[in-house]
Amino acid sequence: MDFRLQIREKGLKATPARLNVLKVLGSSHLAYAHSELESLFRKMDRVTLYRVLKDFEDAGIVHKIVDVEGVTRFAICKSTCPDEHHVDDHVHFNCNACHKMFCLEKVQTPKLKMPDGFKISGLQTLIYGLCNSCSMA
């Protein structure tokens, strides 16, 4: 995956900060909290990281999900999300033991029948329990 090209295709400059964040998110099936990313990029100040994540979310490069503890996490959009409208609705799994959040792209989100007049613009499905590593321990 050409991260520089992916950033530019969304109309953003491929700065070193953006490239570093996208490399981490793009090489994992995990959703990261701001604090986890901050610890990975000790030389990047927290405001810059907030701006990078906000720019990525606005551009459809990342999506966010709230874990069982109320912490917002960020993960790369695996499908092509148009600007400001994420179509990367998939199931997330939050491990109760290690607290990692996994994007389960191959697990289908449930189909919902909404009452007349209601229109869904997004869906977040969060499953929690023990991940494969923690359930074996």
Log10 I(q)/I(0) at q = 0.12, 0.18 Å⁻¹ for the chain, from Debye over equal alpha-carbon scatterers, is -0.51, -1.05
When the chain is treated as a Gaussian network with springs between alpha carbons less than 10 Å apart, the largest mean-square fluctuation among 28, 121, 39 is found at 121
Sequence-distant residues sharing a close amide H with residue 62 (under 5 Å, placed H):
57, 77
Enumerate the lysines that residue 119 could reach by cross-link, defined here as Cα to Cα under 23 Å, with residues fewer than 8 away along the same chain left out.
64, 111
Treating only the Cβ of Lys, Arg, Asp and Glu as charged (+1, +1, -1, -1), what charge dipole size does the chain show about its Cα centre? Round to the nearest 20 debye.
320
In whole Hz and in residue order, list the ³J(HN,Hα) couplings for region 129-137 that follow from phi through the Karplus curve 6.51 cos²θ - 1.76 cosθ + 1.60, θ = phi - 60°; x for Gly and Pro.
x, 10, 6, 4, 5, 6, 6, 8, 7
Return the long-range amide H neighbours of residue 125 (sequence gap of 5 or more, or a different chain), with a cut-off of under 5 Å between placed amide H atoms.
90, 92
In terms of the ratio Rg/(2.2 N^0.38 Å) built on C-alpha atoms, what value belongs to region 21-67?
1.07
For region 50-57, in order, what is each residue's ³J(HN,Hα) by Karplus, 6.51 cos²θ - 1.76 cosθ + 1.60 with θ = phi - 60°, in whole Hz (x at glycine and Pro)?
4, 5, 4, 5, 5, 4, 5, 5
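Every number in this text was worked out from the coordinates using simple rules, so none of it is lab data. Just so you know, these numbers come straight off a predicted model, no measurement behind them. So basically every Cβ, Gly included, is an ideal-geometry build from the backbone, and we count neighbours across all protein chains shown.
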